[in-house]
2 protein chains.
Amino acid sequence: MKISIDLRSDIPIYLQIVEQIRQQLTSGGLKPGDQLPTVRALASELRINFNTVSRAYRVLDQSGIISTQQGRGTYILETPPPEVVERLQLESLDALSRHYLRQTSRLGFSLEEAIKHLRQQAGKPDTGDQNFS
Amino acid sequence: MKISIDLRSDIPIYLQIVEQIRQQLTSGGLKPGDQLPTVRALASELRINFNTVSRAYRVLDQSGIISTQQGRGTYILETPPPEVVERLQLESLDALSRHYLRQTSRLGFSLEEAIKHLRQQAGKPDTGDQNFS
DNA sequence: TGTATCATTGTATCTTTGTATGATTGTACA
DNA sequence: TGTACAATCATACAAAGATACAATGATACA
């Protein structure tokens, strides 16, 4: 579980945590049944208050992604509702795109510069709508 | 932190604050990492409204001199020399792009889908995360 | 086994921090 | 005058932290 937060971001810490856990779930870094770090452990690692982690977990809990139980811990749900999984993909893409735009913008790059760079990185300087995995 | 304002000056209070903090930074009175007084503390000391202090801090924040974080406080930022900044910019863009490509790819989106999404996101100015509430 | 006790886990609530929005004030100028 | 604008203030809000608490688990011991 590697979660990193950016205190300078204009996205609240607890939402950064939410987004990263969602992404790790969709990207396979986290699997159903996995135990998440305890609120205190993650908070200590990130040097923030554990209530902030708790808040992030509560959001994920209410989204039906995890299950938190007082005195036991926090776990990825075994059977996340299918529509939740589906929505997760789009939500993750949203979060990724926002993050990318925010950061490149902060670095002083324009949208077009960023996109151009993306294409170069992808090794396909021009169009084509194929996957690039 | 000794800041003094002159109510009779024709310079706005918030700009007086901005100037004095800038000066204390160059004169070494303030160092990177230092915490500035809270908006309320400084406002109380100067007997002005805390929103005026907040406004000064916002100016400094947008200049990249300080970092204000809701619920945490306001801090002087580390400011690396310009040539380092320039190099870091490119490296950061590289890292950001690679990360974005890797993640969107994992989610099963094509490069063009991702870029299309980026443009859409750029259209709406950072709406924040509205997936739950 | 049962249970006392303590450690570990998440929760509730209040305080402290900065933010958003709109009203008020003062000043310049037509 | 009165209109326009910037600066400041008032109020309500949101994010993060501090503290005390409750639920669960682990361990020792009768």
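The values are calculated or read from the model by the stated rules, or taken from the named source; none is laboratory data. All values reported here derive from a predicted model rather than from experimental measurement. Neighbour counts run over all protein chains shown; Cβ positions are idealised from the backbone, glycine included.
Tell me which residues, restricted to region B:62-92, are within 15 Å of DNA strand D (Cβ to nearest atom) and facing chain A (nearest Cβ under 10 Å).
B:SER67, B:THR68, B:GLN69, B:GLN70, B:GLY71, B:ARG72, B:TYR75
Within region A:104-121, restricting attention to residues that are within 8 Å of chain B (Cβ to nearest Cβ) and modelled with pLDDT under 85, which residue is nearest to A:SER67 (Cα to Cα)?
Step by step, filter region A:104-121, then rank; the result is A:LEU107.
Could we say that A:VAL18 is within 14 Å of chain B (Cβ to nearest Cβ) and in contact with a helix residue (DSSP H, G or I) (Cβ under 7 Å, 6 or more places away or on another chain) here?
Spelling it out, A:VAL18 is indeed within 14 Å of chain B (Cβ to nearest Cβ) and in contact with a helix residue (DSSP H, G or I) (Cβ under 7 Å, 6 or more places away or on another chain).
Can you list the helices (runs of 4 or more DSSP H) lying wholly within region B:1-117 that have 1 or more residues being touching a strand residue (DSSP E or B) at 6+ places or on another chain (Cβ under 8 Å) and surrounded by 15 or more Cβ atoms within 10 Å (Cβ to Cβ)?
Answer list for region B:1-117: B:13-26, B:39-46, B:50-62.
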